[in-house]
Amino acid sequence: MDYSFEGYLRNDGTAGTRNYIGVVCSVVCSSVIAKEISESVPGTIPIIHSNGCAQLGDDFQLTKNMLVGISANPNLYSALLVGLGCETNQVSGLLKSIPKTKPIEGIGIQQLAGGENTTKKGVQIVEQWAKEAAVMKRENLPLSSLTVGIVTVDIDEDSLKRIVPVVGKVIDLLVENDATVMMGLTDTLEPAGLLLAERTNSQEAKDKLRKLEEGLHRKRWKEIHKDQSAARSFSKEEKLLAALEAQMTGTSPIESLLGYNEKPKEKGLHLIVGTSNMVETFSNMASSGCNLVIVVSSRGILTGSVALPCMTITPQNPYGSFDELVDYTISEEDPSVQVEKVMKELVEISSGKQTSLEKLELGEFSIPHVGTTF
Amino acid sequence: MDKKYNALKLNPNDNVAVALKNLKSGELLSIQGEKDQIKVMEDISYGHKVATSFIKNEGKIMKYGECMGIATAEISPGFHVHVFNVRGLKNEERDHSFIDHVDTFSS
Amino acid sequence: MQTFEGYRRPNGSIGVRNHVIVMNTVGELASFTKKIAQLVPGVIPVVHQGGQAQFPEDYKQTIRTLKGTAGHPNVSSALFLGMGDDPLAKELEELLKDDNHHVHAIYFNKDKPVSEVLKEGKQWLEEAMDRSKTEKTETADVTELIIGLECGGSDAWSGITANPAIGACSDFIVRDGGTSILAETTEAIGAEHILAKRAIDPEVGKKFLKIVKEYEERIKDTGEDIRSANPTPGNMAGGLTTLEEKSLGCIKKGGNSTLMEVIDYAEAPSKKGFIFMDTPGYDVESVAGLAAGGAQIVLFSTGKGSPTGSPIVPVIKIGTNPRLYEIMSEHIDVNAGKIIEGKNTIEEIGEEIYQKIMATANGSMTASEKHKNQEFAIWRLAETI
């Protein structure tokens with residue numbers, strides 16, 4: 001079958017599945033003003049978070065990079081950066097780092113002498129962009145314009161067994177059609193490091209993936225003079241479940257293992273670091289250039305990304321309590337038939353159909369911490 | 001009632017005052033609450049410190065009623081007090097005061 | 001003795017506000033929490049991204065912060081949204097009910113449609129709002145007040161005007177039997193020995209030195225050295241000569257009173273008088289910790305102008321210079337810049353802040369409350385699992 005979708009082609013060759021105007025706070029201190037600006041103009045999304053100041057080293061760099069990344073995301077027609085003035089994460093620094101392929105502006109509360117002036121000025125800028133964005137038309141684009149994130153949330157063995165035959169094929173199909181796919185490497189998938197290492201030709205990714213097998217590594221800062229990296233070994237059950245989850249990536253070779261805010265250098269299948277906080281994982285996918293996310297879960301989830309449509313796939317379950325949150329329910333039908341149905345849904349969502357989470361206006365943005373604040 | 005002064009002493013025990021405006025050499029220092037008037041001996045920018053009494057070399061610079069540094073030269077009243085004639089405390093200079101204090105407690 | 005009309009809570013504490021709040025326990029529910037809050041006018045959402053996938057040090061800190069926020073004397077009722085058989089929501093509900101707080105937890109789980117949960121939450125919040133309107137105030141005095149001390153967006157005047165004035169006010173409050181909590185451990189580096197000397201006993205002094213040293217080590221782990229990097233060239237141009245002087249300018253918000261106790265982030269003090277809380281210098285996290293520790297009001301000095309507040313605590317902004325007050329009066333409650341103009345002494349501004357505290361305790365709105373600056377964030381100690 002020939003697949004294509006209707007998307008917004010951007011100047012840099014990427015494509016948006018949405019056409020939002022982002023109102024991005026550089027620091028938590030300007031988050032209320034950024035939210036106010038966004039709430040005043042339809043078509044805008046607030047990119048607000050609790051970072052941006054009293055951060056050092058890698059932790060600061062990650063915050064900055066994530067905001068640069070999400071501002072550059074193809075789902076954003078334009079982005080307004082709203083700063084305070086005295087924060088570590090300066091708007092001027094962000095402006096320098098964001099590629100000039102779309103309308104980007106920055107304003108600051110201290111520079112404009114107060115929140116009221118800043119809101120007024122911000123609304124003015126955003127309203128003008130909203131007019132421009134409203135006349136943009138979607139155009140027919142090939143699947144190679146899609147960058148799809150995929151992540152599992154709260155999933156059990158039984159659900160995985162039912163989902164894998166369908167979603168694994170969907171991923172293969174996307175890769176065959178030259179789409180870019182990023183599978184979230186969260187703590188549930190990490191125990192499959194060795195298995196995944198076999199699938200990649202990149203020596204760097206191989207080394208990193210093999211290391212994952214040793215156990216869960218995360219940084220801790222409370223205790224000083226101790227090994228900062230806390231390791232916990234994986235149980236047999238965790239490894240089995242991870243092996244099953246790994247099957248969801250299909251059969252394509254893994255091109256690379258992407259870090260925070262890292263954009264893939266080639267099309268095809270990639271892994272991307274994630275945490276078991278799904279909001280952080282979605283946000284990282286958004287800043288790495290995804291324009292759509294597939295969420296696979298036993299139950300359905302209660303928040304998506306503020307910038308990306310999150311298409312939820314769950315197995316059929318007797319409760320139906322989260323039905324209104326789900327976009328596709330895996331049935332007993334032949335997997336190959338279901339693969340086509342998922343692809344159809346994915347194309348429709350990419351072309352503008354609202355996901356269940358979008359209908360309920362459930363979406364967040366959050367930046368992970370890789371260091372403590374000062 | 002406005003009280004006109006051009007420098008502020010943060011604690012009565014201080015030997016420096018903070019200039020509240022750009023001080024010109026030759027003008028008189030008027031410090032809130034102090035009758036003595038000291039002649040400003042060099043231009044001093046607002047926010048910077050001016051000596052209000054004679055400080056000997058290696059003497060303590062007192063601000064907020066605390067020792068904020070050690071003089072690296074003699075400083076006469078009316079002169080600018082800053083990085084060129086003041087250094088921070090050495091580790092042993094800082095820590096001793098507290099350990100002495102703790103010892104007083106325990107005895 | 002200065003008095004105010006406050007809300008007496010069943011556990012004996014007294015609030016200066018009567019908020020109804022809704023909080024998420026896990027990050028996934030942040031959006032829903034905001035959604036439910038929108039359904040009932042006046043309800044304040046308090047959201048965060050913690051509560052799950054955290055190491056014990058973060059998990060404990062999250063519980064302490066959420067418990068301190070929901071059980072805060074300024075809070076009339078609190079609703080928790082939890083996921084499945086969320087242990088955090090259960091623990092919080094039980095802890096707070098034991099302390100006679102009006103709290104409730106509702107859960108998203110498989111046998112209840114999402115729309116049901118929304119309805120249930122809305123109904124509980126509506127009843128909580130009605131209940132809050134029937135609550136009567138009673139007269140209390142300053143001995144029952146806990147005041148948090150904070151600075152953010154500092155300038156060359158912070159250590160000369162606003163911070164010493166806050167220090168004078170802190171001393172007045174302590175003199176009158178109240179409590180003030182200084183925070184921001186980072187900013188004490190370099191003057192820690194001076195504050196330690198004021199400790200009531202060697203144990204308190206040593207604990208203070210310990211938390212400062214730990215903070216300094218954590219910063220060193222990222223390759224930065226506070227001692228050698230400060231004062232910055234900008235600070236020096238502004239007149240600051242030594243690190244001691246810079247840090248003194250910050251810690252003088254604590255005046256000259258005896259240091260009674262050193263507490264953890266978001267921990268409630270067990271003593272009255274002058275207290276120190278271990279928090280980062282990051283304003284929003286620090287204010288959230290002070291509030292969770294029971295401060296009913298926070299004093300916040302700012303030189304460059306920072307609009308931030310708190311979802312549950314009135315934050316009183318003290319501007320350090322006349323120009324800031326002129327151009328950004330919408331964010332400033334007290335103009336300590338008058339000290340520069342020779343209009344007032346530090347003590348007089350300290351007294352003005354004290355009067356502002358009492359007016360605020362009596363219900364007068366602060367700048368950050370008027371602008372709905374309800375920022376909230378919890379200090380993180382480890383990476384997300």
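Of the strands (runs of 3 or more DSSP E) lying entirely inside region C:1-55, those containing at least 2 residues that are within 19 Å of C:W124 (Cβ to Cβ) and in contact (Cβ under 8 Å) with a residue 24 or more places away in the chain are C:19-24, C:44-46. Kindly provide the set of residues from region C:261-286 that are in contact with an Asp or Glu (Cβ under 6 Å, 6 or more places away or on another chain) and of a type in the set (A, V, I, L, M, F, W, C), ordered by number. Result: C:I275, C:V284. Residue count for region C:113-156 satisfying the condition of being modelled with pLDDT of 95 or more, touching a Ser or Thr at 6+ places or on another chain (Cβ under 9 Å) and part of a loop (DSSP other than H, G, I, E, B): 2. Among the residues of region A:5-42, just one is of a type in the set (S, T, N, Q), touching a Leu at 6+ places or on another chain (Cβ under 6 Å) and closer than 17 Å to A:S144 by Cβ, namely A:T17.
Residue by residue, here is whether (1) in a strand (DSSP E or B); (2) modelled with pLDDT of 95 or more; (3) closer than 26 Å to C:T25 by Cα; (4) out of contact with any Gly (no Cβ under 7 Å at 6 or more places or on another chain) holds:
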site: A:E223; (1), (2), (3), (4): no, no, yes, yes
site: A:A230; (1), (2), (3), (4): yes, no, yes, yes
site: A:L241; (1), (2), (3), (4): no, yes, no, yes
site: A:L244; (1), (2), (3), (4): no, yes, no, yes
site: A:H270; (1), (2), (3), (4): yes, yes, no, yes
site: A:T281; (1), (2), (3), (4): no, yes, yes, no
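Residue count for region A:323-345 satisfying the condition of being surrounded by fewer than 18 Cβ atoms within 10 Å (Cβ to Cβ) and either part of a loop (DSSP other than H, G, I, E, B) or within 14 Å of chain C (Cβ to nearest Cβ) (or both): 6. If I filter region A:350-374 down to residues being polar (S, T, N, Q) and in a helix (DSSP H, G or I), which single residue comes out as surrounded by the most Cβ atoms within 10 Å (Cβ to Cβ)? My answer is A:S350. Based on what the data block shows, is C:E285 closer than 30 Å to C:G337 by Cα and within 9 Å of another protein chain (Cβ to nearest Cβ)? When the stated conditions are applied, C:E285 passes them.
Count, please, the residues in region A:172-187 that happen to be in contact with a helix residue (DSSP H, G or I) (Cβ under 9 Å, 6 or more places away or on another chain) and crowded, with 22+ Cβ neighbours inside 10 Å. Result for region A:172-187: 9.
All of (1) touching a residue at least 40 places away in the same chain (Cβ under 8 Å); (2) within 19 Å of C:E127 (Cα to Cα); (3) buried (at least 21 other Cβ atoms within 10 Å of the Cβ) hold for C:N100 with one exception: (3). Scanning region C:78-136 for residues that are among the aromatic types (F, W, Y) and closer than 29 Å to C:I14 by Cα turns up C:F80, C:W124. For B:Q32, the conditions (1) under 10 Å from the mean Cα position of the chain (by Cα); (2) within 13 Å of chain C (Cβ to nearest Cβ) are fulfilled apart from (1). Residues that are under 13 Å from the mean Cα position of the chain (by Cα), away from chain C (no Cβ under 14 Å), under 26 Å from A:R210 (Cα atoms) and not in a strand (DSSP E or B): does region A:299-322 have at least one? For region A:299-322, residues under 13 Å from the mean Cα position of the chain (by Cα), away from chain C (no Cβ under 14 Å), under 26 Å from A:R210 (Cα atoms) and not in a strand (DSSP E or B): absent. Of all residues in region A:197-216, one or more are at negative phi, within 14 Å of chain C (Cβ to nearest Cβ) and modelled with pLDDT under 95. Of the candidates A:K208, A:K131, A:K137, the single residue that is surrounded by fewer than 22 Cβ atoms within 10 Å (Cβ to Cβ) and either aromatic (F, W, Y) or over 30 Å from A:S350 (Cα atoms) (or both) is A:K208. Meeting the requirement of 3 or more residues that are away from chain B (no Cβ under 12 Å), the helices (runs of 4 or more DSSP H) wholly within region C:181-251 are C:202-221. In this structure, is C:A288 under 29 Å from C:E216 (Cα atoms) and either more than 13 Å from the chain's Cα centre (by Cα) or not assigned by TED's automatic domain parsing to the domain that holds C:V75 (or both)? Considered against the rule, which asks whether it is under 29 Å from C:E216 (Cα atoms) and either more than 13 Å from the chain's Cα centre (by Cα) or not assigned by TED's automatic domain parsing to the domain that holds C:V75 (or both), C:A288 comes out as yes.
The values are calculated or read from the model by the stated rules, or taken from the named source; none is laboratory data. Computed from a predicted model, the values in this text were never measured in an experiment. As a convention, Cβ positions derive from the backbone with ideal geometry for all residues, glycine included, and neighbour counts pool all protein chains shown.
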